[in-house]
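Notes to accompany the following structure.
The values are calculated or read from the model by the stated rules, or taken from the named source; none is laboratory data. Model, not experiment: these values are computed from the prediction. As a convention, Cβ positions derive from the backbone with ideal geometry for all residues, glycine included, and neighbour counts pool all protein chains shown.
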Amino acid sequence: MGDDQTGGKCHMCDAAIRIEGLRKTYRGGKGQPEKHALKGINLTVPRGSVFGLLGPNGAGKSTLINILAGLVVKSAGRVAIWGFDQDQNPRQSRSAIGVMPQELNLDPFFTPRGALEVQAGLYGVPKSERRSDQILELVGLSDKAEAYARTLSGGMRRRLLLAKALVHHPKILVLDEPTAGVDIELRQMLWANVRKLNERGMTIILTTHYLEEAQEMCDEIAIINHGEKVAQDSTANLLGRMDSRTMVIVPDSPIIDLPVSEGVEAALRDDGSLVLQYRNIQTSAEQVLESVRAANIRIRDVRTEEADLEDVFLALTSSRTEDHPADDKDQPRRGIHRVKL
Ligand SMILES: Nc1ncnc2c1ncn2[C@@H]1O[C@H](COP(=O)(O)OP(=O)(O)OP(=O)(O)O)[C@@H](O)[C@H]1O
Ligand SMILES: [Mg+2]
């Protein structure tokens, strides 16, 4: 996590991004119903953080990011970027953020250097403050500075998109799936750049479907699903929830009564095995086994499973269909109801 205290002034203590009640409804096409892509999202991104925005396909991540970027118009809610309200101070809020979009939308007739100059012009960066060559070097495109964008490979286009997001020296850099479909070298380059920029004080917001990456890179993570935020916490705390252990028991005969024990959540899988979840710090494996014996369950086989970010993610996003919202949304979440099929 970077240093928050750079400015010392009160407004510097503000968040990098503050989102309140953000909604986006896309109008439906011919005969199609409208689409509620964001359903009232509240989100605060701390300054100096590397912040992960995770969620399954169609969750609303790009919609949210494109609203931040000014590419999509929100239906309702408030967005403040680096303390500037997007509606009241559109220019300042826009210049505080640089976005590398998910779509490879490049003008094929510009060279990388040309594209950066145009972008700098759009953002009103004076000639004396332009750093096109430095940025091209940072993203490893120096030798392609004069090549036409249409001749660049997919990975090179991504590099150029990153470069474009950096030209106006934004306080916040947003990366929408920067590593989707890129090779290992580019992925490592991207993450090395992200680290470097973050160490220099830039706030980073990223989406990725590679949860190991998120686990490794992010200080804090929000998970959205069907347009709603289902979790936000420090990565450490999210994984801490995952201090939850899972014991899977294959019983000798079908189970009639589930074992009951404080701190242990029991559920049956479709295959008849018994899944027991408990927190490692509160409950010992021995206690769990005792509760199983007390319920007269004879154990044919037993194994334990450890959890990672993927488990948290699956637990929070596993309701796949729109008409079947996540269960017990109004109930406080106790533990993680994770039943892998
Ligand atoms: N321009 C549009 N018109 C209508 N519906 C849209 C439009 N853009 C996105 N949607 C819908 O809004 C929902 C959210 O899409 P969005 O692109 O924000 O998801 P995402 O979380 O970025 O997914 P992915 O992981 O696949 O990139 C989806 O159901 C999508 O079909
Ligand atoms: Mg997306």
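Filter segment 265-280 down to the residues that are assigned to a strand (DSSP E or B) and at pLDDT 90 or above, then identify the one that is farthest from Arg245 (Cα to Cα).
Our first condition is that a residue be assigned to a strand (DSSP E or B); within segment 265-280, this holds for 265-268, 274-279.
Subset that is at pLDDT 90 or above: 265-268, 274-276.
Working: Glu265: 10, Ala266: 12, Ala267: 14, Leu268: 16, Leu274: 14, Val275: 10, Leu276: 8 Å.
Checking each candidate, the answer is Leu268.
Name the single residue that is surrounded by the most Cβ atoms within 10 Å (Cβ to Cβ) among those in segment 109-130 being of a type in the set (Ser, Thr, Tyr) and farther than 20 Å from Ser142 by Cβ.
Pass one, segment 109-130, residues of a type in the set (Ser, Thr, Tyr): 111, 123, 128.
If we keep only those that are farther than 20 Å from Ser142 by Cβ too, we end up with 123, 128.
On the way: Tyr123: 15, Ser128: 5.
Across segment 109-130, the extreme among qualifying residues is Tyr123.
Yes/no per residue for (1) among the small types (Gly, Ala, Ser); (2) in contact (Cβ under 8 Å) with a residue 24 or more places away in the chain; (3) crowded, with 21+ Cβ neighbours inside 10 Å:
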| position | (1), (2), (3) |
| --- | --- |
| Ala192 | yes, no, no |
| Leu197 | no, yes, no |
| Gly201 | yes, yes, no |
| Cys218 | no, yes, yes |
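May I ask you to list the residues in segment 27-61 that are of a type outside the set (A, V, I, L, M), out of contact with any helix residue (DSSP H, G or I) (no Cβ under 6 Å at 6 or more places or on another chain) and either more than 14 Å from ligand 1 (Cβ to nearest atom) or modelled with pLDDT of 95 or more (or both)? So that I can check it myself, show each step before the final result.
Start the filter on segment 27-61 by keeping residues that are of a type outside the set (A, V, I, L, M), which leaves 27-36, 39-40, 42, 44, 46-49, 51-52, 55-58, 60-61.
Those left that are additionally out of contact with any helix residue (DSSP H, G or I) (no Cβ under 6 Å at 6 or more places or on another chain): 27-36, 39-40, 42, 44, 46-49, 51, 57-58, 60-61.
Answer for segment 27-61, where residues must be of a type outside the set (A, V, I, L, M), out of contact with any helix residue (DSSP H, G or I) (no Cβ under 6 Å at 6 or more places or on another chain) and either more than 14 Å from ligand 1 (Cβ to nearest atom) or modelled with pLDDT of 95 or more (or both): His36, Lys39, Gly40, Asn42, Thr44, Pro46, Arg47, Gly48, Ser49, Phe51, Gly60, Lys61.
So, Asn42, is that one in the same structural domain as Pro178 (by TED's automatic domain parsing), away from ligand 2 (no atom under 16 Å from the Cβ), surrounded by fewer than 22 Cβ atoms within 10 Å (Cβ to Cβ) and without any contact (Cβ under 8 Å) to a residue 60 or more places away in the chain or not? Talk me through it step by step, then tell me what you get.
On the way: in the same structural domain as Pro178 (by TED's automatic domain parsing): yes; away from ligand 2 (no atom under 16 Å from the Cβ): yes; surrounded by fewer than 22 Cβ atoms within 10 Å (Cβ to Cβ): yes; without any contact (Cβ under 8 Å) to a residue 60 or more places away in the chain: no.
Judged against the criteria, Asn42 is not a match.
Please verify whether segment 140-158 includes one or more residues that are assigned to a loop (DSSP other than H, G, I, E, B), on the phi > 0 side of the Ramachandran plot, surrounded by 15 or more Cβ atoms within 10 Å (Cβ to Cβ) and modelled with pLDDT under 95.
To start, the set of residues in segment 140-158 that are assigned to a loop (DSSP other than H, G, I, E, B) comprises 140-141, 145-148, 152-153.
Subset that is on the phi > 0 side of the Ramachandran plot: 140.
Now narrow it down to the ones that are surrounded by 15 or more Cβ atoms within 10 Å (Cβ to Cβ): 140.
Next, from what is left, pick out any that are modelled with pLDDT under 95: 140.
Yes; the residues of segment 140-158 include at least one that is assigned to a loop (DSSP other than H, G, I, E, B), on the phi > 0 side of the Ramachandran plot, surrounded by 15 or more Cβ atoms within 10 Å (Cβ to Cβ) and modelled with pLDDT under 95.
For Leu166, only one of the following conditions fails: (1) within 19 Å of Phe109 (Cβ to Cβ); (2) away from ligand 2 (no atom under 16 Å from the Cβ); (3) aliphatic (A, V, I, L, M); (4) crowded, with 17+ Cβ neighbours inside 10 Å. What is its number?
(1)
From (1) more than 20 Å from Asn193 (Cα to Cα); (2) of a type outside the set (Ser, Thr, Tyr); (3) in contact (Cβ under 8 Å) with a residue 60 or more places away in the chain, pick out the condition that doesn't hold for Phe110.
(3) is the only condition that Phe110 fails.
Within segment 199-216, take every residue that is out of contact with any Ser or Thr (no Cβ under 8 Å at 6 or more places or on another chain) and away from ligand 1 (no atom under 16 Å from the Cβ) and give me the one that is nearest to Ile97 (Cα to Cα). Full working, then the answer.
Pass one, segment 199-216, residues out of contact with any Ser or Thr (no Cβ under 8 Å at 6 or more places or on another chain): 199-200, 202, 205-206, 209, 211-212, 216.
Retained after the next criterion (residues that are away from ligand 1 (no atom under 16 Å from the Cβ)): 199-200, 202, 212, 216.
Values: Glu199: 17, Arg200: 15, Met202: 10, Glu212: 26, Glu216: 23 Å.
By that ranking, first place goes to Met202.
May I ask you to say which residue of Val302, Val260, Val292, Val230 is modelled with pLDDT under 95, over 13 Å from the mean Cα position of the chain (by Cα) and surrounded by 19 or more Cβ atoms within 10 Å (Cβ to Cβ)?
Values: Val302 fails: surrounded by 19 or more Cβ atoms within 10 Å (Cβ to Cβ); Val260 fails: surrounded by 19 or more Cβ atoms within 10 Å (Cβ to Cβ); Val230 fails: over 13 Å from the mean Cα position of the chain (by Cα).
Just a single option satisfies the conditions, and that option is Val292.
Could you figure out which of (1) within 24 Å of Leu316 (Cα to Cα); (2) more than 16 Å from ligand 2 (Cβ to nearest atom) isn't true of Ser62?
Single failed check for Ser62: (2).
Can you find even one residue in segment 136-144 that is hydroxyl-bearing (Ser, Thr, Tyr), free of Cβ contacts under 8 Å to residues at least 12 places away in the same chain, over 30 Å from Ile41 (Cα atoms) and out of contact with any Leu (no Cβ under 8 Å at 6 or more places or on another chain)?
As a first pass, look at segment 136-144 and keep what is hydroxyl-bearing (Ser, Thr, Tyr): 142.
Cutting the leftovers down to free of Cβ contacts under 8 Å to residues at least 12 places away in the same chain gives us 142.
The next check asks that each one be over 30 Å from Ile41 (Cα atoms); those that pass are 142.
Retained after the next criterion (residues that are out of contact with any Leu (no Cβ under 8 Å at 6 or more places or on another chain)): none.
No: segment 136-144 contains no residue that is hydroxyl-bearing (Ser, Thr, Tyr), free of Cβ contacts under 8 Å to residues at least 12 places away in the same chain, over 30 Å from Ile41 (Cα atoms) and out of contact with any Leu (no Cβ under 8 Å at 6 or more places or on another chain).
Residue check: is Ser75 among the polar types (S, T, N, Q), in contact with an Asp or Glu (Cβ under 9 Å, 6 or more places away or on another chain) and in the same structural domain as Ala231 (by TED's automatic domain parsing)?
Working: among the polar types (S, T, N, Q): yes; in contact with an Asp or Glu (Cβ under 9 Å, 6 or more places away or on another chain): no; in the same structural domain as Ala231 (by TED's automatic domain parsing): yes.
No.
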